[in-house]
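*Asks:* Once you've had a glance at the structure underneath, I'll fire off some questions.
The values are calculated or read from the model by the stated rules, or taken from the named source; none is laboratory data. Everything numeric in this text was worked out from a predicted model, so none of it was measured. Neighbour counts run over all protein chains shown; Cβ positions are idealised from the backbone, glycine included.
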Amino acid sequence: MNSAQIEIQLIASLVAIACAIPGTFLVLRKMAMISDAISHSILPGIVIGFFITQDLNSPLLILFAAFTGIITVILVEYIQKTGLVKEDTAIGLVFPALFSIGVILIAKNANDVHLDVDAVLLGELAFAPFDRLLISGVDVGPKALWIIGVILLITVTLLIAFFKELKVSTFDAGLAASLGFSPAIIHYGLMSVASVTTVGAFDAVGAILVVALMIAPAAAAYLLTTDLKKMLGLAITFGVMSAISGYWFAHWLDASIAGSITTMLGLLFLMVYLFAPSKGVIAVMYREKQQRIEVSLLTFLLHLKNHNELEERHVNHLREHINWQKVRAKTVLELALKNNMIVVDKNIVSLTEKGDTFTSKAIDYIITNEDTQIEDMKDDFFLFRG
Amino acid sequence: MSKIAVKVDDLTVAYNYKPVLWDIDLEIPEGVLMAIVGPNGAGKSTLIKSILGILKPIAGSVTIYGKPYNKQRQLVAYVPQKGSVDWDFPTTALDVVMMGTYGSLGWIKRPRQKEKKAALEALEKVGMLAFKGRQISQLSGGQQQRIFLARALVQNASIYFMDEPFQGVDATTEIAIINILKELRKAGKTVIVVHHDLQTVPEYFDWVTFLNVKKIATGPVKDIFNDDNLTKTYGINFKVSVQE
Ligand SMILES: Nc1ncnc2c1ncn2[C@@H]1O[C@H](COP(=O)(O)OP(=O)(O)OP(=O)(O)O)[C@@H](O)[C@H]1O
Ligand SMILES: [Mg+2]
């Protein structure tokens with residue numbers, strides 16, 4: 001690896017972390033779309049900032065752009081408050097308008113400005129190492145690295161300082177308000193961080209990747225944990241993993257880096273969506289199947305418990321009586337046998353002692369919903385897992 | 001019954017310029033266990049939210065022990081009517097209860113061992129200790145209700161507002177909750193509860209406020225909980241058999 005390669009990966013990773021942090025809270029607040037809106041509507045801010053400063057490298061551009069980002073949020077909320085449209089519609093109204101203003105402004109002045117729409121959407125990560133920051137003539141590294149590094153530092157500091165406030169106001173705005181943590185202040189604080197991060201990352205990685213890095217890792221992490229801190233940690237890890245693997249994927253294919261990272265994020269989310277242990281599609285399907293079998297098993301055991309007559313407990317009768325298809329009856333019968341809950345003697349099925357206690361306990365649980373009684377049964381049976 | 005815990009003067013509250021509370025005057029003495037009763041849409045939740053400064057009234061004022069709410073936050077705990085929380089939020093029962101301690105911590109400071117201990121004790125009190133690690137959406141409605149009660153308990157407030165804490169809970173839980181509320185009163189706290197089951201008012205509460213957009217009456221249950229006030233509040237001719 002040469003130093004440019006290392007620098008690109010470093011920039012991409014820092015961008016990933018800086019995006020994952022506000023992204024986690026945006027996902028939790030069901031505001032994923034707003035990051036899309038911000039990333040597009042900051043364009044006019046950048047252009048207007050450029051007209052005023054006449055300098056594409058001026059840090060003022062970031063301020064202008066962040067300001068437009070916040071205006072976007074305010075506009076969206078204003079439209080939403082009229083009660084005429086829902087939030088996503090309001091977002092859909094605001095950001096194309098602002099983005100097109102930006103595009104028109106560029107088009108009208110494209111001759112003398114180096115700003116093109118492609119670069120805005122996809123960024124120029126490959127060229128980021130060429131734009132160096134010189135401090136009194138000394139090269140201290142790529143400028144993008146410094147910009148995003150500073151933003152990340154601010155974000156992390158704010159996260160550590162206001163973690164509890166962010167948590168409570170996201171979870172329960174009413175409680176936050178009554179405890180004296182103004183949800184509005186926290187909301188606009190978060191939006192400001194999201195805007196500044198978007199703007200800082202924008203030049204290096206483009207609008208699409210910023211949105212993808214904010215939302216995809218957090219959305220994937222959300223499927224994997226019920227702990228906010230772990231969710232943040234996972235989102236950051238996923239972001240960095242995608243950034244680095246995306247870089248090498250692009251290197252290998254000789255393709256756009258931002259495009260490859262976005263692809264990796266998509267793949268990663270898909271994998272998690274399918275394979276997440278409790279909320280993943282496959283796990284849910286498997287669990288439902290298990291639950292169906294267990295309900296059948298319980299019905300079957302209960303029938304045995306309620307009937308002493310031999311003919312009621314004959315294998316063939318059970319098939320007819322409980323009216324299962326043969327395959328399912330077989331699965332259930334085997335499951336009960338395997339767990340030593342029944343014995344079959346000359347085609348007559350009887351409950352064992354274990355089966356008998358199990359049935360009573362299970363019924364008890366279903367009726368009373370008292371958890372303590374079935375702690376020991378939980379491992380064997382999905383049915384009782386929360 | 002010496003001090004006044006909560007005082008509401010000429011309070012009018014509107015949503016989109018349509019007033020839902022008209023000119024409410026209310027004094028809640030310290031140390032009562034008070035029911036607020038009234039039909040759906042009477043403005044009971046609105047009244048509580050306005051007292052807590054969550055809603056801005058268009059007229060009138062509220063004081064808690066003589067001072068505005070934002071100076072007295074520490075003194076007040078609130079259990080909202082269901083729905084203001086994000087049930088899918090990645091957080092456990094214990095964590096939710098801990099949030100009750102955030103108010104006394106203030107900005108930036110983080111909860112420590114002491115707060116955790118208080119939260120565990122509150123969970124024990126409401127009989128939910130076994131569920132401390134559960135994600136909150138995986139609890140039943142009544143269990144969630146108990147968690148929110150525990151969260152209010154750790155706030156260690158002087159005045160408790162509870163918006164329909166008995167909604168959707170079974171008889172055992174209801175008795176458990178009312179016993180906790182009675183304990184709070186015994187400890188000198190003021191407890192204000194929005195309540196729908198008129199039959200149990202005389203048994204559970206010692207003070208009552210009738211509300212329907214306007215305040216109909218407020219005072220000791222034994223003096224004012226009668227058919228006359230019930231009829232004024234609910235509009236229909238009301239007959240409940242009130243056993244003393
Ligand atoms: N956010 C809101 N926007 C507009 N109107 C509202 C809003 N919340 C409540 N209202 C209206 O204000 C009135 C009072 O509502 P409130 O929730 O205070 O009633 P409540 O007495 O608590 O009723 P319930 O017994 O059903 O809980 C109702 O007519 C309701 O429709
Ligand atoms: Mg209500």
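*Asks:* Can you find even one residue in segment B:132-146 that is out of contact with any strand residue (DSSP E or B) (no Cβ under 9 Å at 6 or more places or on another chain), within 30 Å of B:L21 (Cα to Cα) and within 16 Å of ligand 1 (Cβ to nearest atom)?
*Replies:* yes
*Asks:* Restricting to segment B:43-57, and then to whatever is within 9 Å of ligand 1 (Cβ to nearest atom) and away from chain A (no Cβ under 14 Å), can you tell me which residue is nearest to B:V193 (Cα to Cα)?
*Replies:* B:K44
*Asks:* Can you name every residue in segment B:17-37 that is surrounded by fewer than 23 Cβ atoms within 10 Å (Cβ to Cβ), away from ligand 1 (no atom under 11 Å from the Cβ) and either within 14 Å of chain A (Cβ to nearest Cβ) or of a type in the set (G, A, S) (or both)?
*Replies:* Answer for segment B:17-37, where residues must be surrounded by fewer than 23 Cβ atoms within 10 Å (Cβ to Cβ), away from ligand 1 (no atom under 11 Å from the Cβ) and either within 14 Å of chain A (Cβ to nearest Cβ) or of a type in the set (G, A, S) (or both): just B:G31.
*Asks:* I'm trying to understand the selection: among the residues of segment B:200-234, which are of a type in the set (A, V, I, L, M) and within 17 Å of the chain's Cα centre (by Cα)? Write out each step before concluding.
*Replies:* Within segment B:200-234, the first condition is being of a type in the set (A, V, I, L, M), and the residues that meet it are B:201, B:208, B:211, B:213, B:216-217, B:221, B:224, B:230.
Hits for segment B:200-234 are B:V201, B:V208, B:L211.
*Asks:* In the list B:V37, B:V85, B:V76, which residue meets the criterion of being within 16 Å of ligand 2 (Cβ to nearest atom) and under 15 Å from the mean Cα position of the chain (by Cα)?
*Replies:* After applying the criteria, what remains is B:V37.
*Asks:* Which numbered condition in (1) away from every other protein chain (no Cβ under 12 Å); (2) within 27 Å of B:G66 (Cα to Cα); (3) over 15 Å from the mean Cα position of the chain (by Cα) is the only one that B:E121 fails?
*Replies:* (2)
*Asks:* Related question: Looking only at segment B:152-185, count every residue that is within 13 Å of chain A (Cβ to nearest Cβ) and within 16 Å of ligand 1 (Cβ to nearest atom) and tell me the total.
*Replies:* 4
*Asks:* For segment B:147-177: of the residues being in contact with a Pro (Cβ under 9 Å, 6 or more places away or on another chain) and without any contact (Cβ under 8 Å) to a residue 60 or more places away in the chain, which is surrounded by the fewest Cβ atoms within 10 Å (Cβ to Cβ)?
*Replies:* So, considering only residues that are in contact with a Pro (Cβ under 9 Å, 6 or more places away or on another chain) and without any contact (Cβ under 8 Å) to a residue 60 or more places away in the chain, the one surrounded by the fewest Cβ atoms within 10 Å (Cβ to Cβ) is B:E174.
*Asks:* May I pose another question? Pairs only if they're at least six apart or on different chains, beta carbon under 7 angstrom, first in segment B:186-201 and within 14 Å of B:I159 (Cβ to Cβ) and touching a residue at least 40 places away in the same chain (Cβ under 8 Å), second away from ligand 2 (no atom under 13 Å from the Cβ) and in a loop (DSSP other than H, G, I, E, B); list them, first residue then second.
*Replies:* Close Cβ pairs (under 7 Å, with a partner that is away from ligand 2 (no atom under 13 Å from the Cβ) and in a loop (DSSP other than H, G, I, E, B)) amount to B:G188/B:G31; B:K189/B:S158; B:T190/B:E30; B:T190/B:G31; B:T190/B:V32; B:T190/B:S158.
*Asks:* For segment A:51-74, enumerate the residues that are modelled with pLDDT of 80 or more and crowded, with 22+ Cβ neighbours inside 10 Å.
*Replies:* The answer is A:F64, A:A65, A:A66, A:T68, A:G69, A:T72, A:V73.
*Asks:* For a quick check of your reading: which helices (runs of 4 or more DSSP H) sit entirely within segment A:141-254 and have at least 2 residues that are β-branched (V, I, T) and surrounded by fewer than 23 Cβ atoms within 10 Å (Cβ to Cβ)?
*Replies:* Values: elements: A:143-171, A:173-179, A:183-222, A:228-253.
The qualifying helices (runs of 4 or more DSSP H) are A:143-171, A:183-222, A:228-253.
*Asks:* Given the conditions (1) at pLDDT below 95; (2) within 15 Å of ligand 2 (Cβ to nearest atom); (3) crowded, with 24+ Cβ neighbours inside 10 Å, and given that B:I192 satisfies all but one, which numbered condition is not satisfied?
*Replies:* (1)
*Asks:* Sort out which residues of segment B:195-215 are crowded, with 19+ Cβ neighbours inside 10 Å and in a loop (DSSP other than H, G, I, E, B), and write them in order of number.
*Replies:* B:H195, B:F205
*Asks:* Okay, moving on. Quick one: which of B:N70, B:N40 is surrounded by fewer than 16 Cβ atoms within 10 Å (Cβ to Cβ), within 13 Å of ligand 1 (Cβ to nearest atom) and polar (S, T, N, Q)? Even if it seems obvious, please write down each step before you answer.
*Replies:* On the way: B:N70 fails: within 13 Å of ligand 1 (Cβ to nearest atom).
Only one candidate qualifies: B:N40.
*Asks:* Keeping to segment B:186-199, report how many residues are more than 13 Å from the chain's Cα centre (by Cα) and either within 14 Å of chain A (Cβ to nearest Cβ) or away from ligand 1 (no atom under 16 Å from the Cβ) (or both).
*Replies:* The qualifying residues number 4.
*Asks:* Among the residues of segment B:40-71, count how many are within 16 Å of ligand 2 (Cβ to nearest atom) and not in a helix (DSSP H, G or I).
*Replies:* Residues of segment B:40-71 within 16 Å of ligand 2 (Cβ to nearest atom): B:40-52, B:54-55.
Checking the rest, the ones that are also not in a helix (DSSP H, G or I) come to B:40-43, B:52, B:54-55.
Total satisfying the criteria: 7.
*Asks:* Which fully enclosed helices (runs of 4 or more DSSP H) of segment B:91-134 have 1 or more residues being under 27 Å from A:A221 (Cβ atoms) and acidic (D, E)? Give the steps one after another, and end with the answer.
*Replies:* Details: elements: B:93-99, B:102-105, B:113-125.
In segment B:91-134, the matching helices (runs of 4 or more DSSP H) lie at B:93-99, B:113-125.
*Asks:* Also, quick follow-up: Restricting to segment A:93-123, what's the tally of residues that are at pLDDT below 80 and among the small types (G, A, S)?
*Replies:* So the answer is 4.
*Asks:* Can you spot a residue in segment A:361-373 that is modelled with pLDDT under 80, polar (S, T, N, Q) and in contact with a helix residue (DSSP H, G or I) (Cβ under 6 Å, 6 or more places away or on another chain)?
*Replies:* The initial filter retains those residues of segment A:361-373 that are modelled with pLDDT under 80, namely A:361-373.
Retained after the next criterion (residues that are polar (S, T, N, Q)): A:368-369, A:372-373.
Checking which are in contact with a helix residue (DSSP H, G or I) (Cβ under 6 Å, 6 or more places away or on another chain) leaves us with A:373.
Checking segment A:361-373: at least one residue is modelled with pLDDT under 80, polar (S, T, N, Q) and in contact with a helix residue (DSSP H, G or I) (Cβ under 6 Å, 6 or more places away or on another chain).
*Asks:* Can I ask one more? Here is a check on your reading of the model: is B:T233 outside any helix (DSSP H, G or I) and within 16 Å of ligand 1 (Cβ to nearest atom)? First the steps, then the outcome.
*Replies:* Details: outside any helix (DSSP H, G or I): no; within 16 Å of ligand 1 (Cβ to nearest atom): yes.
Against the criterion (outside any helix (DSSP H, G or I) and within 16 Å of ligand 1 (Cβ to nearest atom)), B:T233 does not qualify.
*Asks:* Just one of (1) more than 30 Å from B:L52 (Cα to Cα); (2) touching a residue at least 12 places away in the same chain (Cβ under 8 Å) trips up A:M191, so point out which.
*Replies:* With (1) more than 30 Å from B:L52 (Cα to Cα); (2) touching a residue at least 12 places away in the same chain (Cβ under 8 Å) applied to A:M191, the lone miss is (1).
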